[in-house]
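Undergrad: Dropping a structure here in structure tokens format, bear with me for questions.
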Amino acid sequence: MKQITLTTKPRNDLGRTASKHLRQNGTIPAVIYGESGSRNLALNAHEFKMAYRKFSGSAALLELKGEGEDDAIYAIIQELQRNPRNDSFVHIDFKEIVRGQDMEVDIPVHTKGIADGVRNYGGVLEVSANTLRVRCRPRNLPEFIEIDVTALEIGKSIHLEEVTAPEGVTFLDDSDLVVVGCVGASAGASGLTEEEEEAAAEEAAAAAAASEGEETSTDSSESESDSEEK
């Protein structure tokens with residue numbers, strides 16, 4: 001479990017104008033939601049940026065400490081808003097975590113190795129589930145769920161039921177959820193594997209042949225009818 005400590009200040013001035021003023025002065029407005037309600041906070045933008053680099057792409061338990069306070073609040077990031085123009089942090093929503101109690105959180109999926117279908121046959125690895133929903137105690141919070149894809153062949157997938165959960169962690173998504181798969185390079189446009197594309201092509205050819213047969217039969221019947229009329 002990765003744990004990061006951040007310093008916070010209470011935020012009393014609310015509204016768009018007040019938040020804009022905070023950001024202009026190097027502070028990020030934030031809110032923490034918990035069982036007892038919500039509280040408005042402010043964080044130093046530079047401090048958060050440095051901390052974010054340490055846990056970006058992974059799950060982390062954050063220790064929020066008010067200036068001059070001994071007690072800390074533990075939380076995870078629920079939503080992080082960024083400015084699309086300069087990628088700066090605009091607002092943060094935290095979710096309070098109570099130690100010793102179960103928590104539900106989305107954990108990022110990381111793949112390990114190069115799939116056999118990619119290395120040897122030019123396939124493409126597709127991660128269908130970028131995060132997995134889990135239940136665990138804060139002390140068991142994994143930074144990410146790692147899946148070894150080394151043996152994955154083209155046309156094959158890894159379902160959640162095949163993934164081993166870390167100790168103290170329970171997966172909450174459906175067991176038949178496709179987490180990652182390997183497809184042929186040509187499947188990028190159609191979304192089908194090579195085998196599926198071949199089967200579809202054969203079906204189309206068979207349908208075309210059947211259609212031509214029907215047209216030929218119809219033409220023959222019409223010719224016979226014309227002869228009888230004459």
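Undergrad: Condition (residue is under 17 Å from Ile73 (Cβ atoms) and not in a strand (DSSP E or B)) applied to the range 19-30: is it met by at least one residue? Break it down stepwise before answering.
TA: Going through the range 19-30, the residues under 17 Å from Ile73 (Cβ atoms) turn out to be 28-30.
Cutting the leftovers down to not in a strand (DSSP E or B) gives us none.
No, because not a single residue in the range 19-30 is under 17 Å from Ile73 (Cβ atoms) and not in a strand (DSSP E or B).
Undergrad: What's the number of the only condition in (1) at pLDDT below 90; (2) within 19 Å of Phe171 (Cβ to Cβ); (3) not aliphatic (A, V, I, L, M) that Arg137 fails to meet?
TA: Condition not satisfied by Arg137: (1).
Listed here are the residues, each with its yes/no results for (1) in contact with a Pro (Cβ under 7 Å, 6 or more places away or on another chain); (2) not hydrophobic (A, V, I, L, M, F, W, C).
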position	(1), (2)
Ser19	yes, yes
Arg23	no, yes
Ala30	no, no
Ala45	no, no
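Undergrad: Same structure, new question: Of Ala60, Ala72, Ala45, which residue is of a type in the set (A, V, I, L, M), on the phi < 0 side of the Ramachandran plot and under 24 Å from the mean Cα position of the chain (by Cα)?
TA: Values: Ala72 fails: under 24 Å from the mean Cα position of the chain (by Cα); Ala45 fails: under 24 Å from the mean Cα position of the chain (by Cα).
Answer to the check: Ala60.
Undergrad: Can you pull out the residues in the range 19-60 that are at pLDDT below 85 and among the hydroxyl-bearing types (Ser, Thr, Tyr)?
TA: Residues satisfying the conditions are Ser36, Ser56.
Undergrad: Please identify the pairs in which a residue from the range 12-24 that is closer than 13 Å to Phe89 by Cβ has its Cβ atom under 6 Å from the Cβ atom of a residue that is not hydrophobic (A, V, I, L, M, F, W, C), counting only partners at least 6 apart or on another chain.
TA: Between residues of the range 12-24 that are closer than 13 Å to Phe89 by Cβ and residues that are not hydrophobic (A, V, I, L, M, F, W, C), the close pairs are Ser19/Pro29; Leu22/Pro29.
Undergrad: I'm checking my understanding of the structure. Among residues of the range 77-106 that are in contact (Cβ under 8 Å) with a residue 60 or more places away in the chain and closer than 29 Å to Val179 by Cα, which one is surrounded by the fewest Cβ atoms within 10 Å (Cβ to Cβ)?
TA: Restricting attention to the range 77-106, the residues satisfying the condition of being in contact (Cβ under 8 Å) with a residue 60 or more places away in the chain are 88-96, 98, 104.
From the residues that got through so far, the ones that are closer than 29 Å to Val179 by Cα too are 92-96, 104.
Numbers: Ile92: 24, Asp93: 15, Phe94: 26, Lys95: 18, Glu96: 19, Glu104: 11.
By that ranking, first place goes to Glu104.
Undergrad: Given the criteria among the acidic types (Asp, Glu) and modelled with pLDDT of 55 or more, does Glu214 qualify?
TA: no
The values are calculated or read from the model by the stated rules, or taken from the named source; none is laboratory data. Since this is a predicted model, take the numbers as computed values, not measurements. Cβ sites come from the backbone with ideal geometry, for glycine too, and all protein chains shown count toward neighbours.
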